[in-house]
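What follows is a short report on a single structure.
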Amino acid sequence: MTDTLVPTTTADVQTIGHLIGAESVTDSARYGRVFNPATGQQTGQVALASADTVRHAVEVAAAAQPGWRKTGLAKRSQVLFRVRQLIEERQNELAAIITAEHGKVLSDASGEIARGLENVDFCTGLLHHLKGEYSEQVATGIDVHQTRQPLGVVACITPFNFPAMVPLWMVTTAIAAGNAVILKPSERDPSAAVWLAQVFRDAGLPDGILNVVHGDKEAVDEILVNPTIKAVSFVGSTPIAKYVYTSAAQAGKRVQALGGAKNHMVVMPDADLDSAADAAISAAYGSAGERCMAVSVVVAVGPIADDLVDRIKQRTTGLVIGDGTDPASEMGPLITADARDRVASYVDSAVTDGATVVVDGREQAFDSDGYFIGVSLVDNVKPGMKVYDDEIFGPVLSVVRVNSYLEAVDLINSNRFANGTAVFTRDGKTARQFEFDIEVGMVGVNVPIPVPIGAFSFGGWKDSLFGDTHMYGPESFNFYTRRKVVTTRWPEPNESQISLGFPTH
Ligand code: NAD
């Protein structure tokens, strides 16, 4: 994305403004350009917030939050039920917005919305999730109870690859818990966040509780130090996640910062190879590989490697790559021309590093100015090769051949990323052992993309998550609330006495 200092003023280019309180703010000193990745055409210009604009949004949020905190839980829950209903009724609109700015095919955009709605479902049960605890008679005549209270104003910074799902994972829980939110979506596909915020308002959320502030590093840097913001949720690449984690923690904030990934799918010799090949294709190339839970490495154990690679290769030939609005398309373009060229450069490096390029996505031609590239399958990949070591975030599937289960586990546990992983086997004992041994946050057994359902929480380990709280589900309610413990005694007037000792029971 290129910044422009002056607004573009052609009729086809809409200006995407911030939503602060009830106000759409389109004036800005800087704008970013938004493209349709399937055509390469600029479709929008997004206002990029200055630090002052962020500060203004934070003031608006801080002014609105006490009223929302006082709103009864049953009423908050009703707002979320309406949010759910509105998104479900209007999901085709949202899917079209996602496809127009991200490029993923419409069915995939619908899938993203469905997975985002799972967290809305979970949050409609906020009466239960915010329930406190009570212990009667912990000492004679003394009771203790614990409540959960909101933090105040929190910030959510989201990546380009799930422009609706990740905001729904974060903001819904933060709002359910009684906070006001500054949502800073990716500047590459910012419109879905604005659409969602409008839906929350249509559902009855008071103005100022969900504010959308677009921007880049300048806006993020203000979020990280602004003293009114008490917590930061971040999802994006590992270097930025690390930066957000360290900077915001240094400023005394709660932080959860989810980073990049390199997800391995182990195929044991006893696995059903057709199922494994189907899973590998779907999980590697769906959304053009631009998923944090995409499978980017297949670990072929023992003698099945040739057969497995062959089956995966056969399946690549039928894939339809095209504009995401075409129902025939199974995979869309990459997000930017730079992303497409970067993906191609990894296939270049695989050749130089001595891997075997079995299917070469660089060779596929497209009659379009969009950011398309074909899928690649690279065999005989090893640690130390760029194609293995880096997160590519594109439709490139590597195959690493190992001789044993232990070698497979060692390979995965030595990787700095640890978001998701999967094992394909028909042996329950192997699966159980894998689950026990593997140092990764989310594990699939014959499930290639093990994104937990909304009643569990989502998060990786090591360089895939900085902080100790996972996202959405129960852990998210912990992240967005503070626990307060109250100890109560109602003594008779003659029961009190002076005692300077530390109170014991
Ligand atoms: P990104 O790190 O480039 O951007 C994420 C957010 O950070 C955006 O809002 C962006 O505006 C902001 N940002 C970018 N550069 C910044 C800087 N220098 N200083 C401050 N803020 C900055 O990530 P992306 O390209 O939008 O998303 C893809 C990445 O996100 C991949 O690495 C993917 O694995 C990761 N991701 C991880 C998960 C997960 O659950 N772990 C989920 C989705 C995406």
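The values are calculated or read from the model by the stated rules, or taken from the named source; none is laboratory data. This is a predicted model, so every value here is computed, not measured. Reconstructed Cβ throughout: ideal geometry from the backbone, glycine too, with neighbour counts over all protein chains shown. Ligands, DNA and RNA are excluded from the accessible area calculation, which covers all protein heavy atoms including side chains. Shrake-Rupley method; radii C 1.70, N 1.55, O 1.52, S 1.80 Å.
Test of understanding: among ARG69, ARG30, which residue is basic (Lys, Arg) and not assigned by TED's automatic domain parsing to the domain that holds TRP195?
ARG30
Name every residue in the range 136-150 that is at negative phi and open to solvent by less than 60 Å² (accessible area, probe 1.4 Å), in order of residue number. Spell out the reasoning first.
Let us first name the residues in the range 136-150 that are at negative phi, namely 136, 138-140, 142-150.
Once the filter is applied, which keeps residues that are at negative phi and open to solvent by less than 60 Å² (accessible area, probe 1.4 Å), the range 136-150 yields ALA139, ILE142, ASP143, VAL144, HIS145, GLN146, THR147, GLN149, PRO150.
Quick one: count up the residues across the range 283-306 that are at negative phi and more than 19 Å from the chain's Cα centre (by Cα).
Within the range 283-306, residues that are at negative phi and more than 19 Å from the chain's Cα centre (by Cα) number 9.
Which pairs have Cβ atoms under 8 Å, sit 6 or more apart or on different chains, and link a residue in the range 155-179 that is closer than 18 Å to PRO206 by Cα and in contact (Cβ under 8 Å) with a residue 12 or more places away in the chain to one that is of a type in the set (Lys, Arg) and within 9 Å of the ligand (Cβ to nearest atom)?
Filtered contacts from the range 155-179: ALA155/LYS184.
On the basis of being within 25 Å of GLY116 (Cβ to Cβ) and either touching a strand residue (DSSP E or B) at 6+ places or on another chain (Cβ under 8 Å) or outside the structural domain of PRO474 (by TED's automatic domain parsing) (or both), does VAL409 make the cut?
no
Return the residues of the range 412-443 that are outside any helix (DSSP H, G or I) and either without any contact (Cβ under 8 Å) to a residue 24 or more places away in the chain or over 18 Å from the mean Cα position of the chain (by Cα) (or both); say none if nothing qualifies. Please lay out each step first, then the result.
The initial filter retains those residues of the range 412-443 that are outside any helix (DSSP H, G or I), namely 414-427, 438-443.
Once the filter is applied, which keeps residues that are outside any helix (DSSP H, G or I) and either without any contact (Cβ under 8 Å) to a residue 24 or more places away in the chain or over 18 Å from the mean Cα position of the chain (by Cα) (or both), the range 412-443 yields SER414, ASN415, ARG416, ALA422, VAL423, PHE424, THR425, ARG426, ASP427, ILE438, GLU439, VAL443.
How many of the residues making up the range 175-188 are within 16 Å of the ligand (Cβ to nearest atom) and more than 14 Å from the chain's Cα centre (by Cα)?
Here is the first cut: in the range 175-188, the residues within 16 Å of the ligand (Cβ to nearest atom) are 181-188.
Now narrow it down to the ones that are more than 14 Å from the chain's Cα centre (by Cα): 181-182, 187-188.
Number satisfying all stated conditions: 4.
For GLY324, which of the numbered conditions (1) in contact with a helix residue (DSSP H, G or I) (Cβ under 9 Å, 6 or more places away or on another chain); (2) without any contact (Cβ under 8 Å) to a residue 60 or more places away in the chain fails to hold?
Answer for GLY324: the failing condition is (2).
Identify, from the list TRP195, TRP169, the residue that is assigned to a helix (DSSP H, G or I) and touching a Ser or Thr at 6+ places or on another chain (Cβ under 9 Å).
When all the criteria are applied, what remains is TRP169.
Okay, residues lined up against (1) touching a strand residue (DSSP E or B) at 6+ places or on another chain (Cβ under 6 Å); (2) open to solvent by 10 Å² or more (accessible area, probe 1.4 Å); (3) of a type in the set (Gly, Ala, Ser):
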position: ILE321; (1), (2), (3): yes, yes, no
position: ASP341; (1), (2), (3): no, yes, no
position: ALA350; (1), (2), (3): yes, no, yes
position: ASP353; (1), (2), (3): no, yes, no
position: VAL359; (1), (2), (3): yes, yes, no
position: PHE366; (1), (2), (3): no, yes, no
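Determine, yes or no, whether PHE372 is of a type outside the set (A, V, I, L, M), out of contact with any Leu (no Cβ under 8 Å at 6 or more places or on another chain) and surrounded by 14 or more Cβ atoms within 10 Å (Cβ to Cβ).
no
Which of (1) exposed (fewer than 15 other Cβ atoms within 10 Å of the Cβ); (2) under 28 Å from ILE98 (Cα atoms); (3) out of contact with any strand residue (DSSP E or B) (no Cβ under 8 Å at 6 or more places or on another chain) is the odd one out, the single condition GLY40 does not satisfy?
The number of the failed condition is (1).
Can you find even one residue in the range 264-280 that is under 30 Å from PHE479 (Cα atoms), modelled with pLDDT of 95 or more and open to solvent by less than 20 Å² (accessible area, probe 1.4 Å)?
yes
Tally the residues that are away from the ligand (no atom under 11 Å from the Cβ) and surrounded by 23 or more Cβ atoms within 10 Å (Cβ to Cβ), restricting the search to the range 151-169.
Total meeting the criteria: 4.
Hey, can you tell me all the residues within the range 447-494 that are within 16 Å of the ligand (Cβ to nearest atom), open to solvent by 50 Å² or more (accessible area, probe 1.4 Å) and in a helix (DSSP H, G or I)?
GLU475
Are any of the residues in the range 7-17 at pLDDT 95 or above and part of a loop (DSSP other than H, G, I, E, B)?
Scanning the range 7-17, I find at least one residue that is at pLDDT 95 or above and part of a loop (DSSP other than H, G, I, E, B), so the answer is yes.
Would you call LYS386 charged (D, E, K, R) and under 30 Å from PRO37 (Cα atoms)?
Against the criterion (charged (D, E, K, R) and under 30 Å from PRO37 (Cα atoms)), LYS386 qualifies.
Kindly provide the set of residues from the range 200-240 that are within 16 Å of the ligand (Cβ to nearest atom) and of a type in the set (D, E, K, R), ordered by number.
The answer is ASP216, LYS217, GLU218, ASP221, GLU222.
Looking at VAL232, VAL199, VAL244, VAL212, which one is buried (at least 24 other Cβ atoms within 10 Å of the Cβ) and closer than 18 Å to GLY116 by Cα?
VAL212
Quick one: count up the residues across the range 138-190 that are in contact with a strand residue (DSSP E or B) (Cβ under 7 Å, 6 or more places away or on another chain) and of a type in the set (S, T, N, Q).
Of the residues in the range 138-190, 5 are in contact with a strand residue (DSSP E or B) (Cβ under 7 Å, 6 or more places away or on another chain) and of a type in the set (S, T, N, Q).
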